[in-house]
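Written out below as structure tokens is the structure these notes cover.
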Amino acid sequence: MASEFDDEGEQTVSINEYLESIEEEELEADLVLGGDEGDECTYSKGYMKRQAIFSCLTCTPDGNAGICTACCLSCHDGHEVLELWTKRNFKCDCGNSKFRDFSCKLFPSKEVENVENSYNHNFKGVYCTCNRPYPDPDVQEQEEMIQCCMCEDWFHEEHIGLNSPNEVPRDEEGEPLYEDFICKACSAVCSFLTLYPKTIWAAGGRPVAPVTTSKDKSVVEDIPFKDDVAGKHENDVCSDSSHKDNLVANANCDTVPDDKKFVNGESSQNGDSSSLSRSIASSHATCLLGVDWMDVTNVSESKPLFLSKNWRDGLCRCDKCLVMYKQKHISYLLDKEDSIAEYEKNAKQKREEKLQQREGAELKFFNNLGHIEKMEILNGIADFKDEFRSFLGSVDPSKAITAADVNQIFENLKNKRRRV
């Protein structure tokens, strides 16, 4: 049988496999695009908390601009475009001064520059500390990459600073046991996370080195949470953008290299968002950590961090910690709507609503037809079922169904309709 399939010269798949693959592709696209249909440029929505962003190397080979889904489809069709997944606090650049004489077809009246946008080397098509493209044309077998939830860069497992890729928390089937990964450079900014108990760490993902206070008191024991708090976070931007390097000043992070400067992931215009305001409103006077984070210094080299599901729910929201988040420009950690998990959750909801609307529109269309039109459609469905059933009864089960077979089914239906 295998030799007969090889003779056909075509890949064989079952109908169920084909339908499942189509559904998986559509779901994956919806998760990346956040349910965005790409009908209109997102520029008018301002600096969005999170949206799918693309980089057009045809128009901006320096990798210093990003475009939204609609502009990718309408304005840059046929160009060399990179898919960057999602970016936080980003405003569509299409047609602004970075594109010179190129004008946006969907929203031509844009400002000269979006000063709050941040760009890293991903916009140029390279990733990781090795600055290699993905897929890498010089590598026969592509390696899996991990995205840092803070700088949004992607890293090869062998380049994240572990002794071995086997140290990445995974189950027996190789699936990740962590929800978020923080790279070595960004972990210096978030060194205060090492004060939290094991509940926020993925199995095997907790730093082993203790942290000490200025009073030489070790802080390694688990500190129980005193109450439940809400809030999730996913990604931020580390960038070499010169106009934002001054934001490192209060980050308490002398170990971050120059090419991984930590920059603002939140807009002053968006700082009063409803979800962030609700998180701040739930702040409390007593610190969950039980120590003054300002007195804490990490005695060891910064290491990558692997955090468990819903780890942000345990972040302290006392007044002092809120000030610390603001100084480090990471208040978005408390904003549930900022997280990739929430982004994908909303995308799934939009997908379900879209499918329901589609089904409702089809049913409404059918119900609005006259009696004759309805009977024509129902008879056509019945004829197709009969023809397909007849085909399955006559086909050799040892052979694959080809495109020619399918075309013959519809040709038979067409001839049948002519005889009626």
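The values are calculated or read from the model by the stated rules, or taken from the named source; none is laboratory data. Since we're looking at a predicted model, the values are computed, not measured. Note: ideal-geometry Cβ built from the backbone for every residue, glycine included; neighbour counts use all protein chains shown. The protein model used for the area step is the full one, side chains on, heavy atoms only, and it has no ligands, DNA or RNA in it. Shrake-Rupley method; radii C 1.70, N 1.55, O 1.52, S 1.80 Å.
The table below gives the values:
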| quantity | calculated |
| --- | --- |
| Environment charge of GLU352, counting only residues whose C-beta is closer than 12 Å and scoring Lys/Arg +1, Asp/Glu -1 | +3 |
| Built amide H within the under 5 Å cut-off of CYS318, gap 5+ | HIS284, LEU288 |
| Residue order for GLU26, GLU141 - accessible surface, 1.4 angstrom probe, largest first | GLU141, GLU26 |
| Förster-model FRET efficiency, 56 Å R0, CYS130 and HIS371, C-beta, rounded to 0.05 | 0.25 |
| Sequence-distant residues sharing a close amide H with GLN51 (under 5 Å, placed H) | LYS87 |
| Cα-derived Rg over Rh, computed across the stretch 332-420 with Rh taken as Kirkwood radius | 1.26 |
| In order through the stretch 159-166: 3J(HN,Hα) via Karplus (6.51 cos²θ - 1.76 cosθ + 1.60), integer Hz, x for Gly, Pro | 10, 8, x, 9, 5, 7, x, 5 |
| Distant-in-sequence amide H partners of CYS56 (H built 1.01 Å from N, under 5 Å) | ILE67, LEU82 |
| Pairwise label distance in nanometres, ALA29 with ARG418, each label 7 Å out on the Cα-Cβ vector | 3.6 |
| With 10 Å bins from 0: P(r) over the stretch 25-84, alpha-carbon pairs, percent | 22, 55, 22, 0 |
| In Hz, Karplus ³J(HN,Hα) per residue of the stretch 169-178 (6.51, -1.76, 1.60; θ = phi - 60°; x = Gly, Pro) | x, 9, 8, 5, 8, x, 7, x, 9, 10 |
| Hull-based mean projected area of the stretch 4-124, where the convex hull spans the alpha carbons, in square nanometres | 9.6 |
| Segments 345-354, 120-129, 89-98 sorted - mean Cβ within 10 Å per residue, highest first | 89-98, 120-129, 345-354 |
| Surface accessible to a 1.4 Å probe, per residue, for the residues of the stretch 21-78, Å² | 44 |
| Which of ILE377, VAL395, PHE410, positive extreme of dipole for the stretch 373-412 (C-beta unit charges) | VAL395 |
| Within the accessible area of the stretch 128-202 (1.4 Å probe), percent carbon and sulfur | 44 |
| Packing-based order for 156-164, 29-37, 302-310, using average beta carbon neighbours within 10 Å, highest first | 302-310, 29-37, 156-164 |
| Using θ = phi - 60° and Karplus 6.51 cos²θ - 1.76 cosθ + 1.60, couplings along the stretch 351-361 (whole Hz; Gly, Pro as x) | 5, 4, 5, 5, 5, 5, 5, 5, 5, x, 5 |
| Sites LYS348 and GLU175, calculated FRET efficiency, Cβ-Cβ separation with R0 22 Å, nearest 0.05 | 0.65 |
| Extreme residue, positive dipole direction of the stretch 95-152, given options PHE99, TYR127, GLN147 (C-beta unit charges) | PHE99 |
